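The values are calculated or read from the model by the stated rules, or taken from the named source; none is laboratory data. Just so it is clear, the model here is predicted, and its values are computed rather than measured. With ideal geometry, Cβ positions are generated from the backbone for all residues, glycine too; neighbour counts draw on all protein chains shown.
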Amino acid sequence: MLYAERLWVPLWWWVAGAALAVLLAAEVHMGAPGVRAWLPYVLLLPLVAWALVAFSRLRVQVVAIDPGSNSTESPSAGLELRVGKAHLPLDVASKAAVVPATAKSAALGRQLDPLAFVQHRTWVKQMVIVVLDDPDDPTPYWLISTKRPEDLLAVLTAHGVEAR
């Protein structure tokens, strides 16, 4: 694995989620004796934790899918960019660039191609755009949220993807 990151939700989301769950459970607790008093705590706190882990499930990875690839091939042969469950062989990626936080709104708004593959997380400030050169695929580019865009771009450019 050449690059890997998981896009965890911010720490304050955990604090806010736990506080909200405790507040809702306390509301039920105030008016209910017995089992109904503690049951909301048992149900709501794990539910909030499960939801936050589910929001954080997106992984961005660059992996070698063919470790024995021939060195005479392109540097990106046998490598794959994985974002969630989507896979992109790097030999079809032609260019890549960092989308700064100041340009994120435009990239996701008026400049967004409807055929683009987008994995956006609101709590991640920067993105990377990977332009494709594949005549068999109508997707013009991938737009990916990442907390370490320079590191991802360095891995991509080290393996034959041109930096813009």
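Report yes if Ala4 is in contact with a strand residue (DSSP E or B) (Cβ under 9 Å, 6 or more places away or on another chain), of a type outside the set (Phe, Trp, Tyr) and part of a helix (DSSP H, G or I), otherwise no. It is false that Ala4 is in contact with a strand residue (DSSP E or B) (Cβ under 9 Å, 6 or more places away or on another chain), of a type outside the set (Phe, Trp, Tyr) and part of a helix (DSSP H, G or I).
Residue-wise test of (1) out of contact with any helix residue (DSSP H, G or I) (no Cβ under 9 Å at 6 or more places or on another chain); (2) outside the structural domain of His159 (by TED's automatic domain parsing).
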{"position": "Trp12", "(1), (2)": "yes, yes"}
{"position": "Val22", "(1), (2)": "no, yes"}
{"position": "Glu27", "(1), (2)": "no, yes"}
{"position": "Val35", "(1), (2)": "yes, yes"}
{"position": "Leu39", "(1), (2)": "no, yes"}
{"position": "Leu43", "(1), (2)": "no, yes"}
{"position": "Gly84", "(1), (2)": "yes, no"}
{"position": "Val92", "(1), (2)": "yes, no"}
{"position": "Pro114", "(1), (2)": "yes, no"}
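If I filter the stretch 132-154 down to residues being among the hydrophobic types (A, V, I, L, M, F, W, C) and crowded, with 17+ Cβ neighbours inside 10 Å, which single residue comes out as farthest from the chain's Cα centre (by Cα)? Only one residue tops the list, namely Leu132.
Quick check: is even one residue across the stretch 116-130 modelled with pLDDT of 90 or more and farther than 25 Å from Trp8 by Cα? Looking for residues that are modelled with pLDDT of 90 or more and farther than 25 Å from Trp8 by Cα, one finds none in the stretch 116-130, hence no. Pairs are defined by a Cβ separation below 8 Å, a sequence spacing of at least 6 or placement on different chains, a first member in the stretch 107-126 that is surrounded by 14 or more Cβ atoms within 10 Å (Cβ to Cβ), and a second member that is acidic (Asp, Glu); no pair meets this definition.
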